[in-house]
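Written out below as structure tokens is the structure these notes cover.
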Amino acid sequence: MPDEMEEIINDFIIETQEVLDGLDEKFVDLESRGEDPDLINEIFRSVHTVKGAAGFLGFQQIVDVSHRAETLLKKIRDGEMSLTREITDVVLKAVDTLKVLIDHVKARDGVQEDIDLLLRVLESAAEPAIEPSQSTPDAEPEATPRIGEILVEEKTISREDLDNALEEQDRERKIGEILIDQKGIEPEFVQKALNQQKNLDQKKNEAEKAEKEVSHNIRVDVKRLDSVMNLVGEMVLGRNRLINIGSRLEKSYPDDLDVQVLLDNLSFISLVTTDLQIAVMKTRMQPVRKVFSKFPRIVRDLSRKLNKEAELHIFGEDTELDKSVIEELGDPLVHMIRNTIDHGIEPPEERLAAGKPRAGKIELNASQEGDHILIEIRDDGKGMPLERIRQKAVERGLVSEAEAARMDDKQVLDFIFMAGFSTAEKQTELSGRGVGMDVVKTHIARLNGYVEASTEKGKGTRIKITLPLTLAIVQALMVSVGDQTYALPLSPVNETLKLRRSDIKTIDGRPVITMRGQVIPVVDLGRVFDVSGLEITPEGNDDVYLVVVSLGDRKFSIMVDRLIGKEEIVIKNMKGLNAEKEGIAGATITGDGRVVLIVDLTVLLREMMQTAMA
Amino acid sequence: MVDLKMRIMVIDDFSTMRRIVKNILKQLGYTEIEEAEDGEHALSKLREKPVQFIISDWNMPKMDGLELLKSVRNDSQLKEIPFLMVTAESEKENIMAAIGAGVSNYIVKPFTAEILKEKMDKVLEKHGLA
């Protein structure tokens, strides 16, 4: 059955990858918690399991590596060796190699890695198994005694007795019975067995519950989920169109009973569609743990490499995000964490001199706030070199010296998100290759997210990423400018205002409004997109609408001619569109069947800031 | 004749392994195969509805194969069920303990369908079921 085999191999790949990813974290735990026997046993078991399955499937290299790693781990588990940093490194190397081997299995490329050296290293690491510590023989507390073994040990019976009994067992039934018959002992054992049984009964409910949870899981190909998501998207669009038609009918035939019935049914369908949409969205949600679990290992490896010390504290790893968001999130987060260790955290001596603990502290925190997710990376390092960034911005001709001096810290920090802007004097192997925070920002923007930084000299840096819960369907505010309709993502919208064009003032040549004592810049959407028919304002004379939005800590307003209303839209990507350049995040089809462009607010913000600086 | 309709429970914490063993059992013509992911899980399923044959991995979280074996052999309802322990080469040294606890036989992984059939036939014969 080749198909069956194919599926088993796919399962093996997925399951093994999960196991291996989990290992990284366990190892880091192990280093910080010390030799926790349970943890070591878990690690041992993981490798053991991978080996077992790989053996069946004939992945010999995986078997070879995991077998040797297992032997080494077994010695550690049994107390024959202690877990030094060097040994941890060797085992981690083995884990890394296993990941590479799994990738080959996944790619079906039949490539064999050169693992001879690794095998030899693993073997020799397992060799110097001297100094068997005193506590070894019975180091592991056995929950239940092994009947025969205990009896032999207590000299109740001899090894021969046991062997004889075992031979008997072929024809008879139970070793216990045979032994009782022969020796007439054991009240203690019977008692123990009974106790154990009682225990098990207590655990039964728990186990049943666990069983239910287990049997209700099913692995589904993501492609299938994607196509369901797509269909739901289409359905949402269809529903929107129906609602549109419905409200037109209601206006034209307010007293028609059939129209009323139609509308009732429509609102029911609408409700169900929304529920369905949420339900499908939930099937795609995964905990951020999936990405976060890589970081303990990365932090460990990197800080060692750079001779720094860093502790990573992870919070909110159960926070859930859409699978595709999670996948896209990995790279930018890795980059930022690397940056943090590379540029943020000081070497231990420098930290001590500054009166800080030797080891730097990095906090990775995920949380949900309304319909978006916040991810924060904080460190207690030296902070970003604001003066250096200012200087660099002037050097690069981005701003004049006077302008740079006037900018607040926040504005200065925004430079780091510009392409090719890097202040690192000495570029390390890891970060600071000129591709830096701008790539991070582009990545996050692609997810309709927003990233911002704040820093305090000597105290540390904080990077905050705001992400939508899902990518596919968003609430949008439909607006029009001239003869064009645009969709603005609703979640960053704070409020809308209607005012006269003359209420808009100019400061330093930039249009602004004053709202409750706060000065807020204005972006004219019509000018940004060069919309025709701007002069035709249906409402006559001078009324305009402003949509006030917040991206992170930045507030600005978008000037439009008319507000149309709130609509749920399905984002469709547009081929051949340079979203970054055009300021368009994609397109959607509205309830009345028109194709409408979705505005990328982050691009608007950037344009605005650049004109402000120019 | 071997009853191909007999209910067999495969216990392993690694779902791919369960699938592999299941697949081999299917190749041998068995159709009624249950799964459990560790000893505790297996025991609660068994107490609900016993099976006619158990194939269990040794090394599992919560309750390992040996513990499960002991619990099965100490349960008046379950103690007669043939119990085949799957072990790795490295665990062979522990097999004495499993024999002590009443295991019907053991099989070292990886194994082929032929070997599994041979072991199962032996076990069934021993239990007077074939």
What is chain B's relative contact order, in percent, from Cα pairs under 8 angstrom and six or more apart in sequence? 23 percent
In a Gaussian network model of chain B with springs linking alpha carbons closer than 10 Å, the residue among B:Gly39, B:Gly29, B:Gly65 that fluctuates most is B:Gly29
Can you put A:His104, A:His443 in order, fewest other beta carbons within 10 Å first? A:His104, A:His443
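Set the Förster radius R0 to 41 Å, insert the Cβ-Cβ distance between A:Leu231 and A:Asn494 as r into 1/(1 + (r/R0)^6), and round the FRET efficiency to 0.05. Provide the component values of the computation, followed by the final result.
Working: r = 34 Å, r/R0 = 0.82.
Step by step, r from the Cβ atoms, then E = 0.75.
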Pick from B:Met96, B:Met60, B:Met120: which is most flexible by mean-square fluctuation in a GNM of chain B where alpha carbon atoms under 10 Å apart are linked? B:Met96
Fraction of antiparallel bridges per DSSP, the stretch A:309-388 only, in percent to nearest 5: 55 percent
Between A:Lys99 and A:Glu456, what is the label-point separation in nm under the 7 Å Cα-to-beta-carbon projection? 3.5 nm
Over 22 Å (Cα to Cα) among A:Lys26/A:Lys223; A:Lys282/A:Lys572; A:Lys75/A:Lys308 -> A:Lys26/A:Lys223; A:Lys75/A:Lys308
Among the listed pairs B:Lys22/B:Lys70; A:Lys498/A:Lys566; A:Lys323/B:Lys109; B:Lys22/B:Lys119, which have their C-alpha atoms separated by more than 27 angstrom in this model? A:Lys323/B:Lys109
If you take each beta carbon of peptide B:60-66 and count the beta carbons of other chains within 10 angstrom, what is the mean? 3
Students often get this wrong, so check it: of B:Lys79/B:Lys117; A:Lys74/B:Lys26; A:Lys99/A:Lys464, which have C-alpha atoms separated by over 26 Å? A:Lys74/B:Lys26; A:Lys99/A:Lys464
Spin-label pair A:Glu86/A:Glu363, simplified geometry with 7 Å Cα→Cβ offset, distance in nm: 3.9 nm
Summing -39500 (n - 2.57) over every DSSP H run of at least 4 residues in chain B and dividing by its residue count gives a helix-only mean residue ellipticity at 222 nm, to the nearest 500 deg cm²/dmol, of -12000 deg cm²/dmol
Per residue of the stretch A:41-53, what does 6.51 cos²θ - 1.76 cosθ + 1.60 with θ = phi - 60° give for ³J(HN,Hα)? Whole Hz please, x for Gly and Pro, Karplus curve as stated. 5, 4, 5, 4, 5, 4, 5, 4, 5, 4, 4, x, 5
If R₀ is 60 angstrom, what is the calculated FRET efficiency for the pair A:Val519 and B:Lys62, using the beta carbon separation as r and rounding to 0.05? 0.45
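Given 0.36 nm per residue, what is the gain on full extension from A:Ser32 to A:Leu257 after removing their alpha carbon distance, in nm?
Working: separation 225, 0.36 × 225 = 81.00 nm, distance 7.19 nm.
Gain on stretching A:Ser32 to A:Leu257: 73.8 nm.
Bear in mind these aren't lab numbers, they're just calculated from the coordinates by the rules spelled out. Values in this document were obtained by computation on a predicted structure and should not be read as measured data. All Cβ positions, glycine included, derive from the backbone under ideal geometry; neighbour counts span all protein chains shown.
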